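Before any comments, here is the structure.
The values are calculated or read from the model by the stated rules, or taken from the named source; none is laboratory data. Source: prediction; values computed, not measured. Counting neighbours? That spans all protein chains shown, and the Cβs are built from the backbone with ideal geometry, glycine included.
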Amino acid sequence: MDAKTVIDLTHLLGTALDAQVDLLAFTVFGDPTKDALFKQLDTALGGALTDIARSEFFEGKGGQALAVYTHGKVAAKRVLVLGAGLRGDFANPHIRDLAATTAQAANKVGAQSVAFLVPALGANREGSLVQLISEGVILGTYKFGRYFTSEDHKRPTALKSFGLILDAKGKKPTAAQTRQFQAAVLRGTAIAAAICHARDLINEPAAVITPVALAGVAQAIGKKHKGSVTVQILDPKKCAELGMGMFLAVGQGSDQESRFIHMTYTPEKKPKKRVCFIGKGVTFDSGGYSLKPSASMEDMKVDMSGAAAVIAAMDAIATIGSDFEVHVVAACCENLVSGRAYKLGDVLTSMDGTTVEINNTDAEGRLTLGDAITYARMKIEPDEMFDFATLTGACMVALGPYTAGVMSDNEGLMKSWMASAEKTGEDMWRLPLNTRLREQLKSPIADMRNTGDRFGGAITAGLFLKAFAKDTPWVHVDIAGPASVTSPRPSQPKGGTGFAVATIVEYAAKH
């Protein structure tokens, strides 16, 4: 993220008409002429707002925006009207993109100060909306431009202040509202900063974000939160002592040393439970001897998106606080071709003693995760564990590029996780963990093989991981699609997305 981007989100402003800012933004649900603030502004502007809305066919639909210069007729220099569609169809996460659109519009015209009217959707939704607006402003101004040489890409964000109006009539917020506002802004900015951090890690070239470098990122977070976060880094020798034969085999073909990361957040009070988040950390995946074609290999720096998500999420969790003892685990390595690389037909021994025949070296993520899950189960003994991985193309075939596939055989844990995902707006869909497909993982010479048949590939990958989770409550999240996108939206540019950070923090952090 642009290091110069610092936006003050701490201001509560009075009435919309009196807001002395460069840009005043508000949402309308459907027909704008029925909105009270729209009518007030239209009167002040001599009917110009209605005229421009008609000429531009602005009907308040979702995704529509109307920008008007006020010529000094109201306190704000410009007005931005954001279409939000039908009120009944409006979910809280939609506000994130509206805030991002506002921040981007402000930057486009060089506006340094913004006043944003929080939609009146009920007092019980106010805190959530403020949090999501805070996220949207930061995510909407995110850019990864460090490798550009032109001044256009180096130019800092114009926007400096993004104030919120909680009541259209200017009613002064109560002390409780002010406290809620401050907590929501803190939470939103912490989550957005973590998402941006994850995006940076994903967008960096694999030559920069090596396993050792990723371990360094975890250590820096531990140093930042000294006293609440501890970090343990295991090198290949220590991993070998623990018997991590699958993880070490994947990384042995690279000159970059593998690293196993274990972060621990300890709350001040007795924790309600112990939770572990596990991320796939393959910092570059060539496919190994099951070599990927160039077109499929080009973006394989993103194969550590799961690790980026869990590591960055730990920063936000420590900032906000949690009632849980939170662990983060990431087995980080490169999957390359060399004389030392593991081969098809090899039989590997996992940390728990399970033997695995290799029939595809490009199904390496489940091998690293298998040992990571075993480590978590045996060394951490969590009450719950979740893994996040860019694991299978089959999941993308089934669900498309924007939706994560989620699997678990624990109904209660699945329900809790999916509820958190719904609150954040991260798109996840449950896939069946069909045990009939276990037959595909049978090997004639070992306990199992690492891939099944072509059909049901996402599910057999989940079943492979379940073999190592055993009876520990566990959820598998395949983020192969949404970890990186080519079609942007206001709060999510092209490239690494930081997907799953928001849901992890929603699940684990205090409310």
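General remarks:
- Filtered by the rule that a residue be surrounded by fewer than 23 Cβ atoms within 10 Å (Cβ to Cβ) and either touching a Lys or Arg at 6+ places or on another chain (Cβ under 6 Å) or without any contact (Cβ under 8 Å) to a residue 24 or more places away in the chain (or both), the stretch 340-378 gives Gly345, Glu357, Asn359.
- Screening Asp31, Asp18, Asp8 for residues that are out of contact with any Pro (no Cβ under 6 Å at 6 or more places or on another chain), acidic (Asp, Glu) and in the same structural domain as Phe144 (by TED's automatic domain parsing) leaves exactly one candidate, Asp31.
- Candidates Leu37, Leu17 - the one that is modelled with pLDDT under 95 and over 20 Å from Ser491 (Cα atoms): Leu17
- Residue match in the stretch 420-427 (condition: out of contact with any helix residue (DSSP H, G or I) (no Cβ under 7 Å at 6 or more places or on another chain) and either part of a loop (DSSP other than H, G, I, E, B) or closer than 30 Å to Lys143 by Cα (or both)): yes
- A single entry from Ala404, Ala389 fulfils the requirement of being within 30 Å of Leu234 (Cβ to Cβ) and in contact with a Pro (Cβ under 6 Å, 6 or more places away or on another chain): Ala404.
- In the stretch 59-134, counting only strands (runs of 3 or more DSSP E) that sit wholly within it, the ones holding 1 or more residues that are without any contact (Cβ under 8 Å) to a residue 60 or more places away in the chain span 65-69, 78-83.
- Among the candidates Thr141, Thr149, residue that is β-branched (Val, Ile, Thr) and without any contact (Cβ under 8 Å) to a residue 40 or more places away in the chain: Thr149
- Single unsatisfied condition, Glu241 versus (1) under 25 Å from Phe468 (Cβ atoms); (2) surrounded by fewer than 21 Cβ atoms within 10 Å (Cβ to Cβ); (3) in contact (Cβ under 8 Å) with a residue 60 or more places away in the chain; (4) of a type in the set (D, E, K, R): (3)
- Among the conditions (1) farther than 21 Å from Asp167 by Cα; (2) without any contact (Cβ under 8 Å) to a residue 12 or more places away in the chain; (3) touching a Ser or Thr at 6+ places or on another chain (Cβ under 8 Å), the only one that Ala53 does not satisfy is (2).
- 1 or more residues more than 26 Å from the chain's Cα centre (by Cα) and of a type in the set (Gly, Ala, Ser): qualifying helices (runs of 4 or more DSSP H) within the stretch 205-275: 236-241, 245-251
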